[in-house]
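The values are calculated or read from the model by the stated rules, or taken from the named source; none is laboratory data. Predicted model only: the values in this text are computed from it and were never measured. As a convention, Cβ positions derive from the backbone with ideal geometry for all residues, glycine included, and neighbour counts pool all protein chains shown. Just so you know, the surface numbers come from the protein's heavy atoms only, side chains and all, with ligands and any DNA or RNA stripped out. Shrake-Rupley method; radii C 1.70, N 1.55, O 1.52, S 1.80 Å.
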Amino acid sequence: MTDPNDPLGILGTTVAEKYRIVSVAGEGGFSTVYQAEHLIWRQPVAIKFFNVLEDAEQKMREQLLNDFIQEGKLMSQLSSKSAAIVQARDIGKLSLAGGSWIPYMVLEWLDGTPLSNRQAVAEDRIDCQQVARYGAELYLEMIFRHGIYHADPHPGNLVLLPDGCIGLLDFGMVGRIDESLRE
């Protein structure tokens, strides 16, 4: 039976001999994100486990895995150009009990207030117009500068950082704009 507080049953596990799983950070339709500690640097990281493969039909698994890898590649490319985009740092596969495996992506850990946490946002007296402006600027930069659109922008994908900027956490549903449309 799966612990509802640990959907993958991996709390305390060490991944790739350097990331110790500490807690569950969040869960979505395709993945579960854990906070982990980088054992060498002694810093927190996020590890996103792509858990949809197990339930997918065999013919879809390869495409889904490729999409997950492309998401990491895109995040890595864009985060080098914008501090507002979470950094992708590593990718791999974790072997689970029973011989199955699950792909993962190691991400920068961003401390901040998720915009989906309306109570925390209200308590912090965050200026909603400022948040909207930062979020819009981030998405517009992605669209016009990099030719990428995010098909699922929502408050759960954005975090208000201590410096007042907005950070983008998830690239699960992105696409590239046809070059002819950008001219």
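Before moving on, here are some points about what is shown:
- If you filter the range 103-117 down to residues that are buried (at least 20 other Cβ atoms within 10 Å of the Cβ) and among the aliphatic types (A, V, I, L, M), you find that the one that is modelled with the highest pLDDT is Val106.
- Residues of the range 23-46 satisfying the condition of being under 19 Å from Gln87 (Cβ atoms) and among the aliphatic types (A, V, I, L, M): Ala25, Val33, Ala36, Leu39, Ile40, Val45, Ala46
- Any hit, the range 94-102, residues being open to solvent by 30 Å² or more (accessible area, probe 1.4 Å), of a type outside the set (Gly, Ala, Ser), more than 29 Å from Ile166 (Cβ to Cβ) and in contact with a His (Cβ under 7 Å, 6 or more places away or on another chain): no
- Of all the criteria given as (1) free of Cβ contacts under 8 Å to residues at least 24 places away in the same chain; (2) under 19 Å from Met75 (Cβ atoms), the one not satisfied by Ala56 is (2).
- Criterion applied to Ala83, Ala120, Ala132 was being in a helix (DSSP H, G or I), at pLDDT below 75 and open to solvent by 40 Å² or more (accessible area, probe 1.4 Å), and the one residue passing it is Ala132.
- Top-ranked residue of the range 38-50 - restricted to ones that are of a type outside the set (A, V, I, L, M, F, W, C) and open to solvent by less than 40 Å² (accessible area, probe 1.4 Å), ranked as modelled with the lowest pLDDT: Lys48
- Looking only at the range 1-23, residues that are open to solvent by 50 Å² or more (accessible area, probe 1.4 Å), at pLDDT 95 or above and within 20 Å of Pro114 (Cα to Cα) come to 1 in all.
- Qualifying residues in the range 56-78 (those that are open to solvent by less than 20 Å² (accessible area, probe 1.4 Å) and not aromatic (Phe, Trp, Tyr)) - the one farthest from Leu161 (Cα to Cα): Ala56
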